[in-house]
1. Tally the residues that are more than 16 Å from the ligand (Cβ to nearest atom) and aromatic (Phe, Trp, Tyr), restricting the search to the range 265-284.
2. Within the range 371-387, can one find any residue that is open to solvent by 10 Å² or more (accessible area, probe 1.4 Å), within 16 Å of the ligand (Cβ to nearest atom) and either at pLDDT 95 or above or not in a strand (DSSP E or B) (or both)?
3. Do any residues in the range 374-396 that are closer than 15 Å to residue 422 by Cβ have Cβ atoms under 7 Å from those of residues that are at pLDDT below 95 and polar (S, T, N, Q), where the two are at least six apart or on different chains, and which pairs are they?
4. Among the candidates 392, 433, 423, single out the residue that is assigned to a helix (DSSP H, G or I), within 16 Å of the ligand (Cβ to nearest atom) and not hydroxyl-bearing (Ser, Thr, Tyr).
5. Just for strands (runs of 3 or more DSSP E) wholly inside the range 182-259: which have at least 1 residues that are open to solvent by 20 Å² or more (accessible area, probe 1.4 Å)?
6. Among the residues of the range 399-420, write down those that are away from the ligand (no atom under 13 Å from the Cβ), part of a helix (DSSP H, G or I) and either among the polar types (S, T, N, Q) or open to solvent by 60 Å² or more (accessible area, probe 1.4 Å) (or both).
7. Looking at (1) within 16 Å of the ligand (Cβ to nearest atom); (2) touching a strand residue (DSSP E or B) at 6+ places or on another chain (Cβ under 8 Å); (3) among the hydrophobic types (A, V, I, L, M, F, W, C), which one does residue 458 not meet, given that it meets all the others?
8. If you scan the range 444-460, which residues turn out to be closer than 20 Å to residue 330 by Cβ and in a loop (DSSP other than H, G, I, E, B)?
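The values are calculated or read from the model by the stated rules, or taken from the named source; none is laboratory data. Here the structure is a predicted model, which means the values were calculated and not measured. Here Cβ is always computed from backbone atoms with ideal geometry, including for glycine, and neighbour counts include all displayed protein chains. Keep in mind that these areas ignore ligands, DNA and RNA; they rest on the heavy atoms of the full protein, side chains included. Shrake-Rupley method; radii C 1.70, N 1.55, O 1.52, S 1.80 Å.
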Amino acid sequence: MRTRLFIVVLTLSAIAAAQAAQDPIDRIREADLKRDLFALSGDAMRGREAGTIDEMTASAWVAERAREAGLQPAGDNGTYFQFFPLERLRVSSSSTVTLAGKDLKLGRDVLPDATVVASIDAPVTVVESDTFEGSDLKGRVLVVRYAPAQQATQDAGPRTAAALRTWARGIQRAVTASAPAAIVAIVPDAAREQWDRVAISFPRGSYGLDPDGTGSPLTPARGIPVLYVRESALGGAVAADARMVASIVTDTFTYPSVNIVARVPGRDAALRNEYVLFSAHQDHDGERFAVDGDKIWNGADDNATTAVALLAIGRAMAAQPGRRSTLFIWHGAEERGLMGSRWYVKHPTVPLTSIVACLNGDMMGRNDPDTAALLGAVGPHRNSPELVQIALAANQKVTKFTVDSSWDDPQHREGWYYRSDHLPYARAGVPALFFTTLLHTDYHTPFDNPDRIDVAKLTKMTKWMYATGRTVAEADKAPVVDPAFKLERCRDSTGDHCGG
Ligand SMILES: [Zn+2]
């Protein structure tokens, strides 16, 4: 009995010693990332669109996983959540449109091209698509039939603007000087796919955010109203002496989006009040028009990859806290214009000056397995040379990616640096980096699915972010901001920084 007990004690202490020796980076496991990735970007999450219950569902899922990972709540009022109001503006369902005596149902028979206000009672001028120039259109409703056979019927891809919309806006520009009361684009049933593309954005309206509480409210679009009308809803051609009567009004309201905020307290009493921030966004583009029968835009790479990377980093940090604390933020409504990160820098739950580094990731699981990009690494986007050095050293030591910094070039046509959640932090003076594996043909399409993610590469990217943050969390001194940091653009989604 005694001997046995001795052996048990010996075995347990051997396990304890092995655990103490285990590098927490080994807790970042490909199998965990894969499981979480397929859950967060599976069809059940319906694309996690901001301002919908699907983003809420995904956010609750993230918070629950953060709690399981051992992270503490660090959002508002001791919770994992920081809710913020998305302002919405959309055409009201009480709007009415009658054309040639037919009452048209909004969303089904008629679609405004933009969120406009219009009051119209006017005669029509029916023209062939290329013969309106020279007509006297002042105060009249120009009625034009969309002829897809004469247009580029094939769009370049799901991301390109609908050909119907491009065509209608071209007419709008061409007739502006003639001051018609409205433009009606008759859409034949043969152009159903084009109709669907325009229809999908109709109920969304437009989004705004006012983090300072100083902005003016969203206002309807100006310009000559363009209305798409389904030809089959009219039951025949529009007579030359017909009239259109329309009253289009808008609704404004707010709907919450949410940041998920969690932390691992630091182990050093002197440094615990400083934070290394790991940043991602959990939202994507929801359900949109179907391509090849798939209408769920899953956003697996964008950005379930980094959202689940943060969970893995959280498990590693919780197992062995850094000297500094680590903060984890999954930002909501990034796809609607960096709204969660813009909100957080104005309403931080820890002092913004206590965040010593923002390590943001967005799209980390595609393209060449051995190449990755680090944005914010080269001027004019580099706001902390020390932080860049730490990240590059971590890569040399742990992951050995070939680092592509060409997308930091201010001439790069994608302007990639301006398109993720590190930007508001960099603007606010926080040393900031953006880890990414860059664009691909499935970006913002229904084909950004979890089975297309290189999970081994995602695991390496996660380890690179972690190793960078671990170095910052353990260092005696925090990285400093370059006082000469100045971005080449003075206007972006964070606001107007052009000031005199
Ligand atoms: Zn993204």
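1. Initial filter on the range 265-284 (more than 16 Å from the ligand (Cβ to nearest atom)): 265-277.
Now restrict to residues that are aromatic (Phe, Trp, Tyr): 275.
Residues in the range 265-284 being more than 16 Å from the ligand (Cβ to nearest atom) and aromatic (Phe, Trp, Tyr): 1 in total.
2. Checking the range 371-387: not a single residue is open to solvent by 10 Å² or more (accessible area, probe 1.4 Å), within 16 Å of the ligand (Cβ to nearest atom) and either at pLDDT 95 or above or not in a strand (DSSP E or B) (or both).
3. As it stands, the answer is 374/405; 377/405; 378/405, since those pairs meet every condition given.
4. Numbers: 392 fails: within 16 Å of the ligand (Cβ to nearest atom); 433 fails: assigned to a helix (DSSP H, G or I).
After applying the criteria, what remains is 423.
5. Numbers: elements: 182-187, 206-208, 226-230, 243-248.
Here the list reads 206-208, 226-230, 243-248.
6. Those that are away from the ligand (no atom under 13 Å from the Cβ), part of a helix (DSSP H, G or I) and either among the polar types (S, T, N, Q) or open to solvent by 60 Å² or more (accessible area, probe 1.4 Å) (or both): 399, 406.
7. Unmet condition: (2).
8. Within the range 444-460, the subset closer than 20 Å to residue 330 by Cβ is 444, 448, 450, 453, 455, 458-459.
444, 448, 453 - these are the residues of the range 444-460 that are closer than 20 Å to residue 330 by Cβ and in a loop (DSSP other than H, G, I, E, B).
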